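K.L.:
Structure below; questions to follow.
The values are calculated or read from the model by the stated rules, or taken from the named source; none is laboratory data. Because the structure is a prediction, the values reported are computed rather than measured. Ideal geometry is used to build each Cβ from the backbone, glycine not excepted, and the neighbour counts take in all protein chains shown. The area values use the complete protein model at the heavy-atom level, side chains included, leaving out ligands, DNA and RNA. Shrake-Rupley method; radii C 1.70, N 1.55, O 1.52, S 1.80 Å.
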Amino acid sequence: MRHAHPVETVRSAEAELMARLPEGALMQRAAAGLAATCARLLGRVYGSRVTVLVGSGDNGGDALYAGAALARRGARVTAVLLAPGKAHAGGLAALRAARGRVTAEQEVGLADFSCADLVLDGIVGIGGRGGLRPGAVPYAEARRRGVVVAVDLPSGVDADTGEVPGAALRADVTVCFGTYKPGLLIDPGASYAGAVQLVDIGLTLPQPELTALQHADVAALLPLPGAESDKYRRGVVGVAAGSATYPGAALLAVAGALRGGAGAVRYVGAAAEEVVRRFPETLVTEGGPAGAGRVQAWVVGPGGGEGARQALAEALASDVPVLVDADGLTELGRIGPSALAGRTAPTLLTPHTGEAARLLAGADGGAPAAADDLAARRLATARRLAAAYRATVLLKGSTTVIADPGGAVRVNPTGTSWLATAGSGDVLAGLAGSLLAAGLPPLDAASVAAYLHGLAGREAAGAPGAPVTALAVAEALPAVWRAVRQA
């Protein structure tokens, strides 16, 4: 599992460790790990051309010491000082002692940047806010030939949120120290980070508020049948989805639910005939959720149309977990958080940013915010929704963010842009609902579902990638389930 900590926590841990170490020792640890990564990327260090972009403070110091280490191995290193009066004195002295070149001339720096084999981005560290300063913007816009390695964080990315308020330097590799930063795992910042490598510098850190699951974590959470299992003990998931206008949403939600670990799927809605024809193992009940019989969780809303409001009300009146998606979210946004008042069972909301805007408007009583603005603040948006509705929120998008009302947050590391296709969210809703019915808590059900769904999208698209259908994503789920268990 990848753990991420906010800047304030990292700073506190660094201060505690530095109090117990000789002066400068912590920076030397970071620089040594950074230099080792750069050497591996270069392959042949001797004779290579390295440009170090140096801002003020310790981030620039890490970069300078790493540049000095590469210079001692024969690299031709040029340090470009973007804040000449504030560059780290010890790092500058080390680079000069290793026969590195130092310049503060922008034209020279841009020329070196463009032709270097490797660029070290030490402009702005984790404490930076508000985007790049004007003097650094040309480097974000310039063409480059070599590999760009960010020191702890790509310059211009907010470490705590992943927000990118202006120009930012796009890295091929980011070497982060001590712990992952949230901004490295959440878009849009994550898209600037490239491959992220963690260097352990000995920090003692508390339990993180933000995590990202890996294969082993998902494998440990997958619901597996035991010797005494039957279809009812494994859980029954109810799916209230589809309408005369959108019967396919019912099929896709059921397709995801059948592959999500529950023992049976019970369907209610207008597409019963189509569902049974395509999936004869589905249990079909006339009427709405209130008369459907016993289930362990409900999925409400995909393609529900005008019937979504009644189905939502009946499902929320039950004492089992309820996942609300699509048209169900539209209805929930019209009612607001009061619709969930008094519920003792968990609720899981699965909006995209447009639906999130309507939900927040329903909670705040104002006009919906622009979806693009919410997408740029994914972490804050998910947390606001979870707090306002006192529900677990799976916010879909380029980075899927899952937020619990208690404060825990997970980000999903899998996926492909090919998943941006009609019906993909219906499959995800059915899958997550099935995991809820199988007994996973909402945070785990949402996290595992997003992880498997992302892998299934990659599997269906293949390499280097091709258009996929939502049904193909559902059909790829068993293969990725097996792959996760075997890893």
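K.L.:
What is the residue count in segment 44-55 for residues that are surrounded by 20 or more Cβ atoms within 10 Å (Cβ to Cβ) and in a loop (DSSP other than H, G, I, E, B)? Outline the logic, then answer.
P.N.:
Quick first cut of segment 44-55, residues surrounded by 20 or more Cβ atoms within 10 Å (Cβ to Cβ) only: 45, 48, 50-55.
Filter once more, so that each one left must be in a loop (DSSP other than H, G, I, E, B): 45, 48, 55.
Number satisfying all stated conditions: 3.
K.L.:
Could you list, in sequence order, the residues of segment 353-362 that are over 15 Å from Ala308 (Cβ atoms) and crowded, with 20+ Cβ neighbours inside 10 Å? Before you say what the answer is, go through the steps one by one.
P.N.:
Residues of segment 353-362 over 15 Å from Ala308 (Cβ atoms): 353-354, 356-357, 360-361.
Scanning segment 353-362 gives Thr353, Ala356, Ala357, Leu360.
K.L.:
Among the residues of segment 277-299, write down those that are part of a helix (DSSP H, G or I), touching a residue at least 24 places away in the same chain (Cβ under 8 Å) and either closer than 20 Å to Pro478 by Cα or open to solvent by 50 Å² or more (accessible area, probe 1.4 Å) (or both).
P.N.:
Arg278, Ala290
K.L.:
Let me ask something else. Residues of segment 98-153 being touching a helix residue (DSSP H, G or I) at 6+ places or on another chain (Cβ under 8 Å), basic (Lys, Arg) and closer than 21 Å to Ala32 by Cα, which ones?
P.N.:
Arg99
K.L.:
Which condition number does Cys38 fail, the rest of (1) open to solvent by 40 Å² or more (accessible area, probe 1.4 Å); (2) closer than 30 Å to Thr103 by Cβ; (3) in a helix (DSSP H, G or I); (4) of a type outside the set (A, V, I, L, M) being met?
P.N.:
(1)
K.L.:
Determine whether Glu274 is acidic (Asp, Glu), over 19 Å from Glu475 (Cβ atoms), assigned to a helix (DSSP H, G or I) and open to solvent by 40 Å² or more (accessible area, probe 1.4 Å).
P.N.:
No, not satisfied.
K.L.:
Would you tally the residues in segment 277-302 being among the acidic types (Asp, Glu) and over 21 Å from Tyr246 (Cβ atoms)?
P.N.:
Qualifying residue count for the region: 1.
K.L.:
Considering segment 76-86 alone, what residues qualify as being open to solvent by less than 20 Å² (accessible area, probe 1.4 Å) and of a type in the set (A, V, I, L, M)?
P.N.:
The answer is Val77, Ala79, Val80, Leu81.
K.L.:
Mind listing whichever residues of segment 70-93 are assigned to a helix (DSSP H, G or I) and under 19 Å from Glu107 (Cβ atoms)?
P.N.:
Passing the criteria: only Pro84.
K.L.:
Being closer than 14 Å to Val52 by Cβ and either hydroxyl-bearing (Ser, Thr, Tyr) or open to solvent by 10 Å² or more (accessible area, probe 1.4 Å) (or both) is the filter here; which residues of segment 126-143 pass it?
P.N.:
Within segment 126-143, Tyr139 is the sole residue that qualifies.
K.L.:
Okay, moving on. Given the options Ala371, Ala315, name the one that is open to solvent by less than 30 Å² (accessible area, probe 1.4 Å) and either among the aliphatic types (A, V, I, L, M) or within 27 Å of Thr211 (Cβ to Cβ) (or both). Lay out the reasoning, then the answer.
P.N.:
Details: Ala371 fails: open to solvent by less than 30 Å² (accessible area, probe 1.4 Å).
None of the other options fit; the residue is Ala315.
K.L.:
Counting just the residues of segment 94-111 that are modelled with pLDDT of 95 or more and assigned to a helix (DSSP H, G or I), which one comes out least open to solvent (accessible area, probe 1.4 Å)?
P.N.:
Of everything passing the filter in segment 94-111, Leu95 is least open to solvent (accessible area, probe 1.4 Å).
K.L.:
Starting from segment 410-430, keep only residues that are over 14 Å from Gly465 (Cα atoms) and among the aliphatic types (A, V, I, L, M), then list their pairs with residues that are in a loop (DSSP other than H, G, I, E, B) and open to solvent by 10 Å² or more (accessible area, probe 1.4 Å) whose Cβ atoms are within a distance under 8 Å, requiring at least 6 positions of separation or different chains.
P.N.:
Cβ pairs passing all conditions: Val411/Thr400; Leu428/Lys396; Ala429/Ala326.
K.L.:
Quick check on segment 56-69: of everything there that is out of contact with any Cys (no Cβ under 9 Å at 6 or more places or on another chain) and open to solvent by 10 Å² or more (accessible area, probe 1.4 Å), which residue is nearest to Gly109 (Cα to Cα)?
P.N.:
Per the stated criteria, the residue is Ser56.
K.L.:
Same structure, new question: Can you tell me which residues in segment 231-253 are closer than 23 Å to Pro441 by Cβ and either surrounded by fewer than 20 Cβ atoms within 10 Å (Cβ to Cβ) or in contact with a strand residue (DSSP E or B) (Cβ under 6 Å, 6 or more places away or on another chain) (or both)?
P.N.:
Matches in segment 231-253: Lys231, Tyr232, Arg233, Val236, Val237, Gly238, Val239, Ala240, Ala253.
K.L.:
Before we move on, is Ala466 surrounded by fewer than 18 Cβ atoms within 10 Å (Cβ to Cβ) and under 26 Å from Thr245 (Cβ atoms)?
P.N.:
Answer is no for this residue.
K.L.:
Have a look at Gly423, Gly439, Gly365 and point out the one that is open to solvent by 10 Å² or more (accessible area, probe 1.4 Å), under 23 Å from the mean Cα position of the chain (by Cα) and at positive phi.
P.N.:
Answer to the selection: Gly423.
K.L.:
Being closer than 19 Å to Gly235 by Cα, in a helix (DSSP H, G or I), modelled with pLDDT of 95 or more and not small (Gly, Ala, Ser) narrows it down to one of Leu428, Leu471, so name that one.
P.N.:
Criteria check complete, one pass: Leu428.
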